[in-house]
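Novice: Quick one: the structure is below, and I'll ask about it shortly.
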Amino acid sequence: MTRLTRRNTLGLLGGAALTACSPAISTSQLGDDPFEGGIGGTGIVGLMTGTGSVLVNGLRVEVTSATRIFSANARTNDTLLIPGRTLTMLARARLGRFEAKRIDIDDPLTGVLLRHGSGFSVNSTTLHGADSVNAQVGERVTVSGIWQADGSVQTSLMQRTSSQEDSVSGVLEGSAAEGWSIGQTPIAPPRGQSLIAGQFVVAKGQFTHGTLQVNSLRFGRFREGGGTLRQLSVEGYLEPVSNAPGFRLAGLGHSFDQRLQLASFADNRAVYFGPYTGRFVARRAVLVPEAQGQRASLLRPADGKSSAASLSGDRARTVTTR
C-alpha cells in the first residue's frame, strides 16, 4: 500500500485547494480548541468510543432530528451507533458544540469469518485484535476498525450480519495490468470500469476463489458536503509513500500537506486535527493506546464539554512544518 495519486486524493474530500500550509505552532500555543478556532464544515473519521451523543476522536458530537445516518449507503437510524463503529461524519460547530449533519457507517469489511493461522480473516484481509470474537468461524460478520499499513485491520467491533453481500471499504491499490486490491483483499471490478489508485472506494459483491467479484463501487469518503470542509479530524496509522511529506493515513487516502514533518508519529496510532485546505494541514496529534477501554477513557470529554482534556493536555503534540 504505497502508491498515491495526489490529484485524485484531493477528490476524496471534495474540496478545492486553497492556501499553502500555515506555520508551525509551538506546543505552548496548543489551546483547548483542537481546531484552533477554525470555522466551516468539520470532517471526522474515526471509531466511536462512547455514547452520550456520539463520542469520536475525543469530540462530543450531538445527533439531532436533522442528522442523517447511512449504512451501506442506505438510510438507517441511531441504533447502529455503538462504540467501536467506524464512522465518517460531516459536522458543524455551533454555539461551542458540534452537531452532526451526516453520519456514514463505513465498516472496512463484510464477509465470512475464517481462520487465518492463529487468528482470523475476512475476505482474505487479516484481522488483529479479534481474539475474543462473538461470532463463529463460517458466520457472516461486519468488521469495524482501523486499517494498518500492511493492509490488515485492527478490529474494534465485530457483529454477525444477515447481509449476503460481501464488501470492503478502503483505499484502492494496484493497476489494471497488475490487478486491484483494497487492503489485503483482491478485487475484480466490473468489466470496463475505470479505476485510479489512491481513491477511497466501497466495493460490494461476492468474495469467491480469493477475489471480491465486484458488482458495485462507490467512490469518495465524504459523499456530500466535501466542498464545505474546513477542518478535519482523523484517527489512524501512518504508512510511508514516495511523495511528500512521505506518509499518508493507512487505508483512508487523506492527503497531508506536503510540508508536514510526520516521521516522529510513524510508529504510533494517533488522532490528528487541523485545517483542510485541499490537503490535510494536521496541526496536532494525540497518541492513543491500542486497548479499547484505555482509548475510550483517554478520549472521553468531561460532562458538558465538547472535547476531551487530552486533546490539549500533555498527550497533544504539535505537528511541525518544514
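Novice: Please state which of the following conditions TRP180 fails to meet, knowing it meets all the rest: (1) buried (at least 17 other Cβ atoms within 10 Å of the Cβ); (2) assigned to a loop (DSSP other than H, G, I, E, B).
Specialist: Tallying (1) buried (at least 17 other Cβ atoms within 10 Å of the Cβ); (2) assigned to a loop (DSSP other than H, G, I, E, B), TRP180 fails exactly one: (2).
Novice: Could I ask something else about it? Please find, within region 183-197, the residue that is most open to solvent (accessible area, probe 1.4 Å) out of those that are more than 17 Å from ILE146 (Cα to Cα) and touching a residue at least 40 places away in the same chain (Cβ under 8 Å).
Specialist: ILE196
Novice: While we're here: Does GLY170 meet the test of being touching a Pro at 6+ places or on another chain (Cβ under 7 Å), closer than 14 Å to ASP107 by Cα and either of a type outside the set (Gly, Ala, Ser) or open to solvent by less than 40 Å² (accessible area, probe 1.4 Å) (or both)?
Specialist: yes
Novice: Another question, if that's okay. Restricting to region 91-104, and then to whatever is open to solvent by 10 Å² or more (accessible area, probe 1.4 Å) and of a type in the set (A, V, I, L, M), can you tell me which residue is farthest from LEU81 (Cα to Cα)?
Specialist: LEU95
Novice: What do you reckon, is ALA291 at pLDDT below 95, among the aliphatic types (A, V, I, L, M), open to solvent by 20 Å² or more (accessible area, probe 1.4 Å) and over 29 Å from GLY174 (Cβ atoms)?
Specialist: Criteria met by ALA291.
Novice: Residues being within 15 Å of VAL271 (Cβ to Cβ) and hydroxyl-bearing (Ser, Thr, Tyr): count how many of those fall in region 79-100.
Specialist: Looking only at that region, the number is 2.
Novice: On the basis of being closer than 30 Å to LEU260 by Cβ, outside any loop (DSSP other than H, G, I, E, B) and not charged (D, E, K, R), does VAL171 make the cut?
Specialist: Spelling it out, VAL171 is indeed closer than 30 Å to LEU260 by Cβ, outside any loop (DSSP other than H, G, I, E, B) and not charged (D, E, K, R).
Novice: Among the residues of region 250-263, how many are in contact (Cβ under 8 Å) with a residue 24 or more places away in the chain and not in a loop (DSSP other than H, G, I, E, B)?
Specialist: Residues in region 250-263 being in contact (Cβ under 8 Å) with a residue 24 or more places away in the chain and not in a loop (DSSP other than H, G, I, E, B): 2 in total.
Novice: Filtering region 206-240 down to residues that are outside any strand (DSSP E or B) and touching a Ser or Thr at 6+ places or on another chain (Cβ under 9 Å), which residue is modelled with the lowest pLDDT?
Specialist: Among residues in region 206-240 that are outside any strand (DSSP E or B) and touching a Ser or Thr at 6+ places or on another chain (Cβ under 9 Å), the one modelled with the lowest pLDDT is ARG223.
For (1) assigned to a loop (DSSP other than H, G, I, E, B); (2) at pLDDT below 95; (3) buried (at least 21 other Cβ atoms within 10 Å of the Cβ), each residue gets a yes or a no:
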residue	(1), (2), (3)
SER242	yes, yes, no
GLY278	yes, yes, no
VAL286	no, no, yes
ARG300	yes, no, no
LYS305	yes, yes, no
GLY313	yes, yes, no
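The values are calculated or read from the model by the stated rules, or taken from the named source; none is laboratory data. Just so it is clear, the structure is predicted and the values come from calculations on it, not from any experiment. Here the Cβ is made from the backbone with ideal geometry for all residues, glycine too, and neighbour counts use every protein chain on show. What goes into the accessible areas is simple: the full protein's heavy atoms, side chains included, and nothing from ligands, DNA or RNA. Shrake-Rupley method; radii C 1.70, N 1.55, O 1.52, S 1.80 Å.
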